[in-house]
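A.B. asks: Sharing a structure with you now.
The values are calculated or read from the model by the stated rules, or taken from the named source; none is laboratory data. Keep in mind that what you see is a predicted model, and the values were worked out from it rather than measured. Note that we place each Cβ from the backbone using ideal geometry, even for glycine, and neighbour counts take in every protein chain shown.
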Amino acid sequence: TLRLSQTLPVSTAKVGKTSLIMTLVSEEFPDEVPLRAEEITIPADVTPERVPTHIVDYSGNHFFPFSLFSPLQANVICIVYSVNNKKSIDKLRKFYPVGYVLGYRVPLILVGNKSDLVEHSSMETILPIMNQYSEIETCVECSAKNLKNISELFYYAQKAVLHPTGPLYCPEEKE
Ligand code: GTP
Ligand code: MG
């Protein structure tokens, strides 16, 4: 299960979570999207790692439930920001260390969407944040609009679950 979430808590940042999911599914950028995409399961045979992948959209309009980070709810969480939106990047910095819930690690992937709108990469800004949180497996810049790095993003998400680089169980972190 994969969850696309907004950079922390609430407020609608319109970073493109729903567009990313719909673009993956239809292979074209939708002009209009609902607030939340329907939950979908991508069958194993069309995913790069050959595992069925259940994708849950998360709307920024909802209160940010802590249970979102439960491994029972998601095996990996993609935190989406918008590369042209400094506010959404600033939110990453205040990121609550959520990587361990009940002792289990939930890998996170930072997704910088709307790369079509900027010339410069946000990586320089993002790297210090990545280094701060070991639960962040990787980051990727993409564009739902240009269909850039969309399948890569979902591949990284699958990979983070199937071949994690960090420990999946960390009893010391339980306290
Ligand atoms: P909430 O659910 O309201 O939090 O928003 P969201 O994160 O689901 O964003 P949504 O997919 O609704 O997209 C918000 C706006 O950004 C829409 O107008 C999209 O068309 C636009 N958008 C999404 N992805 C891209 C992209 O890659 N490039 C550009 N230029 N616009 C995009
Ligand atoms: Mg949405």
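A.B. asks: For region 21-44, which positions are modelled with pLDDT of 90 or more, more than 16 Å from Phe154 (Cβ to Cβ), surrounded by 14 or more Cβ atoms within 10 Å (Cβ to Cβ) and within 10 Å of ligand 2 (Cβ to nearest atom)?
C.D. replies: Val33
A.B. asks: State whether the residues of region 57-66 include one that is at pLDDT 85 or above and surrounded by 12 or more Cβ atoms within 10 Å (Cβ to Cβ).
C.D. replies: To start, the set of residues in region 57-66 that are at pLDDT 85 or above comprises 57.
From what's left, surrounded by 12 or more Cβ atoms within 10 Å (Cβ to Cβ): 57.
Yes, region 57-66 has at least one match.
A.B. asks: Output yes when any residue across region 126-136 is within 16 Å of Phe29 (Cα to Cα), in contact with a Leu (Cβ under 8 Å, 6 or more places away or on another chain) and more than 10 Å from ligand 1 (Cβ to nearest atom), and no when none is.
C.D. replies: Here is the first cut: in region 126-136, the ones within 16 Å of Phe29 (Cα to Cα) are none.
Within region 126-136 (the criterion being within 16 Å of Phe29 (Cα to Cα), in contact with a Leu (Cβ under 8 Å, 6 or more places away or on another chain) and more than 10 Å from ligand 1 (Cβ to nearest atom)), the answer is no, since none of the residues qualifies.
A.B. asks: Next question, about the same structure. Can you spot a residue in region 161-170 that is surrounded by 14 or more Cβ atoms within 10 Å (Cβ to Cβ), within 28 Å of Ile40 (Cβ to Cβ), at pLDDT 85 or above and away from ligand 2 (no atom under 16 Å from the Cβ)?
C.D. replies: For region 161-170, residues surrounded by 14 or more Cβ atoms within 10 Å (Cβ to Cβ), within 28 Å of Ile40 (Cβ to Cβ), at pLDDT 85 or above and away from ligand 2 (no atom under 16 Å from the Cβ): present.
A.B. asks: Tally time: how many residues in region 127-150 are in contact with a helix residue (DSSP H, G or I) (Cβ under 7 Å, 6 or more places away or on another chain) and assigned to a helix (DSSP H, G or I)? Steps first, please.
C.D. replies: First pass over region 127-150, keeping only residues in contact with a helix residue (DSSP H, G or I) (Cβ under 7 Å, 6 or more places away or on another chain): 129, 136-148, 150.
Narrowing the set further to residues that are assigned to a helix (DSSP H, G or I) leaves 129, 150.
Adding up the residues that qualify gives 2.
A.B. asks: Pairs needed: first member in region 29-42, more than 17 Å from Asn113 (Cα to Cα); second member anywhere, more than 7 Å from ligand 1 (Cβ to nearest atom) and assigned to a loop (DSSP other than H, G, I, E, B); C-beta distance under 7 Å; at least 6 residues apart or different chains.
C.D. replies: Thr41/Pro52; Ile42/Pro52
A.B. asks: If you take the residues of region 76-125 that are at positive phi and not charged (D, E, K, R), which of them is modelled with the highest pLDDT?
C.D. replies: Taking region 76-125 and keeping what is at positive phi, we get 102-103, 114.
Then drop every residue that is not not charged (D, E, K, R), which leaves 102-103.
Numbers: Leu102: 48, Gly103: 56.
Ranking the candidates gives Gly103 first.
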